[in-house]
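Single-structure report; data block below.
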Amino acid sequence: MFFYFVIFFTSLSLGLVILNNLIKNFYDLDITDKKLNLVSRVRWGDSKKSHLGGIAFSATLIFTNLLIIIFFKDIFLSNYKDFIFFSSIILLSGFFGFLDEKYSCKPTEKIILQLIISILLVVNDKQINFSPNEIVNITITILYYVAFFNILNMFDNIDLGLSSIGVPIIIFLMLFNISLGNNIILLSFLASLIAFSYFNSYPSKIFMGDIGSFQLATVLAASSVNIFWSDYEFRGYISSIYQIGLQNIIFLLPIADFIIVTIARVTKGKSIFTGDTNHISHIFNLRIKNINLLGLIFFIIVICLAFCFYLITNFFIPGKHSLFSIVFFYISFLGLIYYLYKSSKND
């Protein structure tokens, strides 16, 4: 317990110090000015705030690794795949996010960067074993990662957007205790995300930017795949579909946002990568008129999804009947969010 406290406290403290420094010095002022001139102000507004908050995630992760290497060598040696390879992939995703932040990458360029991270995660054994065919499994895994990266990136559209769902999701994933190395990385992100939330609550002083959202998406997606698929044995496609349904219950809120916004943009003839203010966070806030309260509501929704996961896994046996139940749950949740979305938009 003391070991976990040390990791959490040091990560939290370092995150607060780094974020405070980023806010005071505004290192990316020139980059932000260029973006405000290049992209629609409907999405960005006139706000000038640093988009380098994700650097705090990278710094705390590096510090955590150094702490483990220097003071807890046994733990490092027994979990080196996580501390060396997985951490390196996360940091690389942060660097790719920085490139996107600095140069405003085109959609095709973003996809290429996401594919590189996806392939590296597969090499690191973070793979969905959906079928007996390895090529099919690798293809599904890469497609899943790319979709997940974009879904989470799109949800980062308002103060406390990703923080409000990221904190409870990380706690949820840590409860599975899949591996000590993976849990330590999650704990480091939990602490730095809490530190970030302090500065990102409305009125926010800093954004995590693509640096942060890409790293967070990489951690959550890979950890989730590791938890649900590392020991999974293929027992038929119904069982596999059920498993992937279970895996993504906790992510249903950003999934709902992605589906609703994508449909809205496609029906208007717009690219799904064109930013706007039609996300569920923007529309819900029209009614709530309190961004911090909205963040708390998103936090509670994720906790409710975790409770639903518990009910489904403890009262249903994997099979066609439980698959029907989980499909029904998905449809019901998405339908409820869409109803609330439309009613809030029409008010």
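Miscellaneous remarks
- Gained length - V136 relative to F95, 0.36 nm times residue gap less alpha-carbon distance: 11.8 nm
- Nearest-20 debye value, segment 2-346 charge dipole, Cβ charges on Lys, Arg, Asp, Glu: 940
- Computed from Cα atoms alone, the Kirkwood hydrodynamic radius reported for segment 2-346 is 20.7 Å.
- Percent RCO, i.e. relative contact order, over the chain, from Cα pairs under 8 Å lying at least 6 residues apart: 24
- Computed over the chain, the per-residue total of -39500 (n - 2.57) for DSSP H runs of n ≥ 4 gives a 222 nm mean residue ellipticity of -25000 deg cm²/dmol, rounded to 500.
All of the numbers you see were taken from the coordinates with simple rules; none came from a lab. Source: prediction; values computed, not measured. Methodologically, a virtual Cβ is constructed for each residue, glycine included, from the backbone with ideal geometry; neighbour enumeration extends over all protein chains shown.
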